[in-house]
Structures are given as structure tokens and as C-alpha cells.
Amino acid sequence: MSLLFSKAKETHPLGNGSLTEFHGFLPEPMFLRALCLERKRAERSRKFFVLMLLDQGKPSQNGNGAGVLKKTVSAILSSIRETDIAGWYTGNTALGVIFAELGAADKKSILTALRAKVTTALRSNLRAEEANHLRISFHCFPEDSEEGAAGRSITKLYPDLVQRAETRKVSRAIKRGMDVAGSSVALLILSPILLAIAVAIKLSSPGSILFRQKRVGQFGVRFTFLKFRSMYSVNDSRIHMDYVRRFIAGSVNPGASEANGKGIYKITEDPRLTYIGRFLRKTSLDELPQFLNVLKGEMSLVGPRPPIPYELEVYDIWHRRRVLEVKPGITGLWQVNGRSRLRFDDMVRLDLQYARAWSPWLDIKILLRTPRAVLSGEGAY
């Protein structure tokens, strides 16, 4: 700990040991580590916590930046409990506080009380012109679905993942190069097949050739997901919504089988499918337009499957990490390790295992194993 405090003292732009004068105010590496641990604790306990960020902007131009900082930190420390964690969220500008063990009150009333308490403390310590430069925001974990889907709040709660991505720029560049080259070659080689599928869909039933659907990408950013249409244009989406909720909740046993011997991870006799669509689903040919999503940078060749927004709403807290760690992909580790025969929790664990162990070579191995999984048709309906 002393080493981290020493480093913060040396590198902070205000210098002069301003950070170390406040006991319990953590430097950035320690605070981000505490935030990561609190997330893991909340996943187990299912109790939410609040991250408050106070952005002071650029240091004061009149040379009193250190003085304003000291008064700001003093106000924060005077307005929080001893069990709350305060420190630097971003070493140059943003201060953070983690409020945990907040009781049983609803989020809205808790956030209102926290904002009022911190604002009162700041106004009592700072002049009006000094306080006006401060920007305060509150972020709840687990994040609200609307916040997470918009990608605004979600990255604030996962700065460690953002930093990790920044430190792997070379690896990410290699992965992006593989995505662009692989999807371009695939679209070129498969163009006759793509054309034939498009004609078959158009002749088999009325409606568009492509099916467009909003999906959730990395860090909760939504994008338009492309597939060949495999269903009738007019259908009841509640069939799938109900099934997804039961499957994620674990009330569907993928190891069980129906009378026809097929596994029941997916809706095996989905009445919404056209006869061409049933073949496309079985062979995974309906997925081919997603190479366009890869070219646009919304997806990768290899990664977790991007969820539909209503799927994300019924995720357990720890499930959400699968849309944070890496960019979604066309194929992935669970697709080549059982496909639809796995329980949802096991699928998520494989996605997280992939995110931790990712390398270009692992992507290549998964891509090489994908055709065999597709041709076997096992677990695909």
C-alpha cells in the first residue's frame, strides 16, 4: 500500500503529497481494485451498491487547484461513512466513492439522499464558483437495463475492463485484422450460396430476405443484428421470449429429450419457421449475413453470442459480464463444445473462460472446429 501511495504522490499533477494527507483516500490503482472486488461481492450477495463519481474538471487556472482539491476531498470524507470507500477513480480529474450496504430502501430514495448529503457538504466547504465546476454522477450496480443498454453508465462501473482493453491494443489490432480478412474472404467465396439462399427465401414466403434485430454488443451498446429470415413475417415473438426466460432461469433441461430424441435447448418444433428456414437453422446458414456485422466492427468472428435486450433483462448479475469482456462473435467456445446441449450457466462460463484466455491462436482453433460443429448439426434446430 505504501508503494501505491508513493507512486500516486509522484505522478499526480497537483503533487506536493496532496493525496497522502487524507487517511483512507485511496490512489487510483487501489480504488479500482476495490471497485472490482465490490462488484464480485455484489454478484454473490445480490445487494446493490452505488458508485459516486465527482469530476473536478481541469485544475484551477489561478494556481489554487490544490486548495480546491483539498477542500473537495475534505467535504467528501466528512459526508460518508467509515465503511464507504473513497479514492481516485481517474488520477487526473475524477474522485470516486463506493457506497455499499445501503439497506432495503428503493434505489431512487437512496440516490436522492446520497446526492443531497454530498451536495450539502460540498457547498459548506467550497465557494459557489468552485462548486459550480464540479460534476457529480451516481451509478448503481447491478446497472439498470436502460443505462446498460445505452452504454453510458456501464463503462463507469467497469473501468478495469476498459483499462485491460487498452493494454491489449496490439492483440486487439490482430483480432480486428483477422475479422476483416476472414469476413471479406467468406463473403467473397460464399457469394453464390448467399444469392441462392436469398432467392429461396424470397420464393418460399412473403417478406424481406434479411431479418434485422436489435442486439446488445460489448459494454451494452446496441446494434442491428443481421440474419437470413427463417420465419414467417408475421409471428408471435412471445413464444421465444417465454422460452428464453425459462431457459436462462434453468427450468429447461438441455440434457432431456423429447419423444423424437432431440434435445430441448431450443424450440425444436417452432411453428414460426418456414420450411426453408428450418433447413437454414439446422445448417446455421441463416447466420451468414453476420459477416457484414463483423466487417462493420459490431461483432467479431469469435466471441459470445450477442443477447436480445429482453434476454439481458432476465440475466443473473454475473451473466452480464459476458457482454462486457469481449466483442460478440459469430461462433465461440460453447458453440464448439456442445452447442445447444449446454445449460445457460455453462454457456456463460465458457464465454468468460474464452475472454480470460483469449489469443489469436485460440480464435484460430475455434474457427477450425466450427465447420465440424455446424456439419454435425448437433444441438441446432
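The values are calculated or read from the model by the stated rules, or taken from the named source; none is laboratory data. The model shown is predicted, which means the values in this text are computed figures rather than measured ones. Here Cβ is always computed from backbone atoms with ideal geometry, including for glycine, and neighbour counts include all displayed protein chains. Surface areas here come from the heavy atoms of the whole protein model, side chains and all, with no ligands, DNA or RNA. Shrake-Rupley method; radii C 1.70, N 1.55, O 1.52, S 1.80 Å.
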Ignoring ligands, DNA and RNA, please state the percent of accessible area on segment 170-250 from carbon and sulfur, probe 1.4 Å. 68
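Give me the number: length gained by fully extending A181 to Q213, i.e. 0.36 nm times residue separation minus the C-alpha to C-alpha distance, one decimal in nm. Can you show the working numbers first?
On the way: separation 32, 0.36 × 32 = 11.52 nm, distance 2.50 nm.
The span from A181 to Q213 would gain 9.0 nm if fully extended.
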Carbon and sulfur %, accessible surface of segment 290-376 computed with the full protein complex present, 1.4 Å: 57
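Can you compute the FRET efficiency between S205 and V314 using 1/(1 + (r/R0)^6), with r the Cβ-Cβ distance and R0 = 30 Å? Round to the nearest 0.05.
The calculated FRET efficiency here is 0.45.
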What is the spin-label model distance, in nm, from L362 to Q163 if the labels are put 7 Å beyond Cα along the C-beta direction? 2.1
If you add up the charges near D286, with Lys and Arg at +1 and Asp and Glu at -1, over every other residue whose beta carbon is less than 11 angstrom from its beta carbon, what do you get? +4
In nm, spacing of pseudo-spin labels at K117 and L375 (7 Å Cα→C-beta vector): 6.4
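Send over a whole-number figure in Å² for the accessible area per residue of segment 287-378, probe 1.4 Å.
On the way: 3740 Å² over 92 residues.
Averaged over the residues of segment 287-378, the accessible area is 41 Å².
How much net charge surrounds S204 when only other residues with a Cβ under 12 Å from its Cβ are counted (Lys, Arg +1; Asp, Glu -1)? Mind showing how you got there, number by number?
Working: positive: K202, R229, R278; negative: none.
So the surrounding residues net to +3.
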Once both label points are put 7 Å beyond Cα along the C-beta direction, the C36-A128 separation in nm becomes 4.5
